[in-house]
Amino acid sequence: MATQLENLSPQLYVQLVCQIDLMFDVIARSINYFAQRVPGALREFRWRIDQKNSSRTDFEDAFEKVSPVLLLQTMSFTEPFMKVDGFDYSRMKQYEFIDGKTPAYLREDYGIKADEAFNIQKMIRGNIRFVDSKAISGVQAADLVVSGIRRCLRRQFVDNEAVAAGLGKLMLQARHDAPSLNLGTLFPSETKCVSISLLLTW
């Protein structure tokens with residue numbers, strides 16, 4: 001796995017980090033949102049990601065292997081997913097560890113007592129496909145929105161403010177009134193990556 005990551009170009013590595021950050025954000029927000037409003041939507045997580053070409057690439061293979069591991073072993077440790085008393089998580093039984101037994105390393109290596117933890121690897125690997133955006137309207141819509149945001153950030157529209165206002169209506173409000181665009185850095189004051197949480201309905 002380390003060799004796979006090392007062989008990725010810097011651009012694809014940045015993309016990998018951004019996509020993992022985005023998936024973590026989607027899971028963290030969507031579980032409680034739907035558990036409160038539409039619990040039935042939590043029966044299954046379906047991931048559709050725009051493929052690079054017709055054959056499976058090293059990037060796609062690395063992403064599918066690495067993303068659940070990073071989500072489990074790093075991000076979810078520093079920012080555990082919250083469960084709210086009174087919300088309906090019953091449709092997520094399939095994502096709970098069997099008999100409530102979480103992996104021993106959580107307790108032994110990290111000192112984490114997680115009696116009712118979700119199996120994030122199963123959430124990611126259960127139904128994930130790299131698809132041609134031309135065949136999937138949702139992926140195509142996301143691609144168009146992201147392209148618009150990129151152009152907007154570069155001020156390439158005649159009326160940039162109007163476009164920004166329109167694109168902003170498609171984004172989800174971040175926690176604590178934070179911006180919808182998550183800005184991150186791999187090195188101090190150098191390479192930055194952006195992940196965007198979008199609300200797309202079709």
Residue in the stretch 57-68 that is farther than 24 Å from residue 185 by Cα and modelled with pLDDT of 85 or more present: no
Within the stretch 171-202, considering residues that are at pLDDT 70 or above, assigned to a loop (DSSP other than H, G, I, E, B) and touching a Ser or Thr at 6+ places or on another chain (Cβ under 9 Å), the one surrounded by the fewest Cβ atoms within 10 Å (Cβ to Cβ): 173
Any chance residue 149 is closer than 28 Å to residue 75 by Cα and either in a loop (DSSP other than H, G, I, E, B) or assigned by TED's automatic domain parsing to the domain that holds residue 47 (or both): no
Selection within the stretch 100-129 - at pLDDT below 70 and surrounded by fewer than 10 Cβ atoms within 10 Å (Cβ to Cβ): 113, 115
Residue within the stretch 151-164 that is within 18 Å of the chain's Cα centre (by Cα) and aliphatic (A, V, I, L, M) present: no
Subset of the stretch 1-41 [among the aliphatic types (A, V, I, L, M) and within 16 Å of residue 82 (Cβ to Cβ)]: 26, 27, 28, 31, 35
Residue within the stretch 131-140 that is hydroxyl-bearing (Ser, Thr, Tyr) and either on the phi > 0 side of the Ramachandran plot or surrounded by 16 or more Cβ atoms within 10 Å (Cβ to Cβ) (or both) present: yes
The stretch 1-42, residues that are part of a helix (DSSP H, G or I) and loosely packed, with under 12 Cβ neighbours inside 10 Å: 2, 3, 6, 10, 11, 37, 40
Qualifying residue in the stretch 45-68 (condition: under 14 Å from residue 123 (Cβ atoms), outside the structural domain of residue 179 (by TED's automatic domain parsing) and in contact with a Ser or Thr (Cβ under 9 Å, 6 or more places away or on another chain)): yes
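The values are calculated or read from the model by the stated rules, or taken from the named source; none is laboratory data. Everything numeric here is computed off the predicted structure, so don't read it as measured data. All Cβ positions, glycine included, derive from the backbone under ideal geometry; neighbour counts span all protein chains shown.
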